[in-house]
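Asks: Input: one structure, supplied below.
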Amino acid sequence: MKNQGNKLSKVLSSSPKGDFKVKKYLLIAVLLTALLFAGCQKTDETITKEPPSSVNSNGQQVDERLSTEVPAEWSKVVIAYEKEGCIMLAKGDNQPQALTEGPGDTNPRFSPDGNMILFERHPGGPDYWLTSYDLWVVHEDGSSMRPLATQETLRTLAGYSEGEGPAQLLAADVSWIENGAKIAFRTRYIVEIHEGYYDDLWLADLVTGEITNLLPDGMGGNYAFSPDGTKLLVADHESVSIMEAEGTNRQLLISFPRIYSYESLYNPLPLWSPDSSYALVAIPFEDAFTEEQSAETASEPENATIWKIYLDGQVEELLKIFWPGMEDFHNGQLFSPDKHYLLNATKQDDTFISQIVSLKGEVGNTFEQTTRILGWSTDSSKLIALTDGLVLVDTGGPQKPIEFLEDDIYWYALVKWVSPSSFLIRAEESANLYLADINGRVKLIDSGVCNEWFSGQFDFLLLD
């Protein structure tokens, strides 16, 4: 099945500093920002579907889906999310409060220790589809807010004089490393109506503010630091390499031909196991995303090889799989968080079904063919998938529909599991943010958070 989430066509071109992916999106972006600008301004204009409700004894409207009794662990959940150009913070049972004043703050990410929140500040405010952004950081209590990686700084470090290079140079693919002491990022550029990514890698020190180049353009790509901080994996359009976390002793591990995924070049995404003993990476076949290898036409499809990379650089080919959702290759949902399971699709009586399989290829469970994986539970025992509706799948048991939000969840819903039984979910239809659990209990965190085209990202912290 073709990935329905690939909304924008992509073409290849040449950048000022090497090959890159390019998107032609100007017309689409203008239309989207014009249509959706108002959707991020007022909460009551964002909600497009009224939830099922009743009237309580005080004459107040009550959403019948919301629970009056909720798990005790929910009082320990701290949630950072974006709304109307500000970063909001919701702590336990307290009312959400604005942590920043905007006008275009988005994509919050907690540091590993929970003390800091990284976010993007778009000077253009909510209409930021066509504008640039700088990386900012703020303490969880709202203090010490400051810029960390601005466009001006990045252009200076890249050696561009005024009027040279791309019009915009941004920090992208950002991750916390060294337990929150630093962040790592690649640079993203915009040249006229095209945008793409350099294959570089930069580090920013949270204490000193110093930004250093770890890997020059052409030496980076999708990257993954091992959790123990000793190794670095890098995947570009043709290879996967391992090196010391300092960027030294580079070793080529896997080579493959360039793979075009719906007109753009594919970069594999290596992912480490929590104990750093190994990493997994899926390398699609050269023709994996062509019409001939789609789920509808391939007789006995296989479209990717799963590789296991050990901390010492040894490589093992595990198995070959078929998975129709290209988006799950890109976002890492192909593998469970503990890296013990992965997804596969197989044909059964002329119908494709999805499978959860072990690294040895043993099938743990099967479920209806899915169009998208929304998220695995923190203990890797369950996942939420989008099929004809939203379903909860147990790695060793039956699937069951998630009915309590079915009228509000569509393709662009976002899910993050808080624990083995509870998860945050941002609905698409209403743009509401909920905290829910597998037993059907639901709590509304906030309504009218920005819709998918304006990111609508959120992050959480679970207090001890």
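The values are calculated or read from the model by the stated rules, or taken from the named source; none is laboratory data. Since this is a predicted model, take the numbers as computed values, not measurements. Cβ sites come from the backbone with ideal geometry, for glycine too, and all protein chains shown count toward neighbours.
Asks: Look through 433, 462 and report the one residue that is touching a helix residue (DSSP H, G or I) at 6+ places or on another chain (Cβ under 8 Å), aliphatic (A, V, I, L, M) and modelled with pLDDT of 85 or more.
Replies: Numbers: 433 fails: touching a helix residue (DSSP H, G or I) at 6+ places or on another chain (Cβ under 8 Å).
Residue meeting the stated conditions: 462.
Asks: Here's a follow-up. Among the numbered criteria (1) at pLDDT below 95; (2) in contact with a Pro (Cβ under 6 Å, 6 or more places away or on another chain); (3) outside any loop (DSSP other than H, G, I, E, B); (4) small (Gly, Ala, Ser), which one does residue 295 miss?
Replies: (3)
Asks: Could you please find all residues in the range 233-288 being more than 20 Å from residue 185 (Cα to Cα) and of a type in the set (Asp, Glu)?
Replies: Within the range 233-288, 238, 263, 275, 286, 287 qualify.
Asks: Let me ask something else. So which strands (runs of 3 or more DSSP E) stay within the range 358-449 end to end and still have 2 or more residues that are polar (S, T, N, Q)? Can you show your working first?
Replies: Working: elements: 363-368, 372-376, 382-386, 390-394, 399-401, 414-417, 422-426, 433-437, 442-446.
Passing ranges, in order: 363-368.
Asks: So which residues in the range 417-432 are out of contact with any Lys or Arg (no Cβ under 6 Å at 6 or more places or on another chain) and among the hydrophobic types (A, V, I, L, M, F, W, C), if there are any at all?
Replies: Passing the criteria: 417, 418, 423, 425, 427, 431.
Asks: Return the pairs, sorted by first residue and then second, in which the second residue is among the small types (Gly, Ala, Ser) and not in a loop (DSSP other than H, G, I, E, B), the first residue lies in the range 347-358 and is within 20 Å of residue 396 (Cα to Cα), the beta carbons are less than 6 Å apart, and the residues are 6+ apart or on different chains.
Replies: If the second residue must be among the small types (Gly, Ala, Ser) and not in a loop (DSSP other than H, G, I, E, B), the pairs left are 352/345; 354/345; 356/364.
Asks: For residues that are in contact (Cβ under 8 Å) with a residue 40 or more places away in the chain and farther than 18 Å from residue 134 by Cβ, scanning just the range 154-194, find the one that is surrounded by the fewest Cβ atoms within 10 Å (Cβ to Cβ).
Replies: Among them, the one singled out is 179.
Asks: Further question on the same structure: Could you pull out every one of the strands (runs of 3 or more DSSP E) wholly within the range 141-233 that has 1 or more residues that are touching a Lys or Arg at 6+ places or on another chain (Cβ under 6 Å)? Break it down stepwise before answering.
Replies: Values: elements: 146-149, 168-177, 182-191, 194-197, 201-205, 211-215, 222-225.
Answer list for the range 141-233: 168-177, 194-197, 201-205.
Asks: Scan the range 202-225 residue by residue and report those that are touching a residue at least 40 places away in the same chain (Cβ under 8 Å), closer than 18 Å to residue 241 by Cβ and out of contact with any Ser or Thr (no Cβ under 9 Å at 6 or more places or on another chain).
Replies: 213, 218, 222
Asks: While we're here: With the checklist (1) modelled with pLDDT of 85 or more; (2) buried (at least 22 other Cβ atoms within 10 Å of the Cβ) in hand, flag the one item residue 420 doesn't pass.
Replies: Of everything listed in (1) modelled with pLDDT of 85 or more; (2) buried (at least 22 other Cβ atoms within 10 Å of the Cβ), residue 420 misses just condition (2).
Asks: From the list 201, 271, 232, which residue is modelled with pLDDT of 95 or more and over 19 Å from the mean Cα position of the chain (by Cα)? Let's see the steps before the verdict.
Replies: Numbers: 201 fails: over 19 Å from the mean Cα position of the chain (by Cα); 271 fails: over 19 Å from the mean Cα position of the chain (by Cα).
Going through 201, 271, 232 in turn, just one is modelled with pLDDT of 95 or more and over 19 Å from the mean Cα position of the chain (by Cα): 232.
Asks: Further, regarding this structure: Residues being free of Cβ contacts under 8 Å to residues at least 60 places away in the same chain and surrounded by 15 or more Cβ atoms within 10 Å (Cβ to Cβ): count how many of those fall in the range 246-267. I'd like the intermediate steps shown before the answer.
Replies: Just the residues of the range 246-267 that are free of Cβ contacts under 8 Å to residues at least 60 places away in the same chain, to begin with: 246-250, 252, 255-260, 267.
Restricting the remaining residues to those that are surrounded by 15 or more Cβ atoms within 10 Å (Cβ to Cβ) gives 247, 256, 259-260, 267.
Counting residues in the range 246-267 that are free of Cβ contacts under 8 Å to residues at least 60 places away in the same chain and surrounded by 15 or more Cβ atoms within 10 Å (Cβ to Cβ) gives 5.
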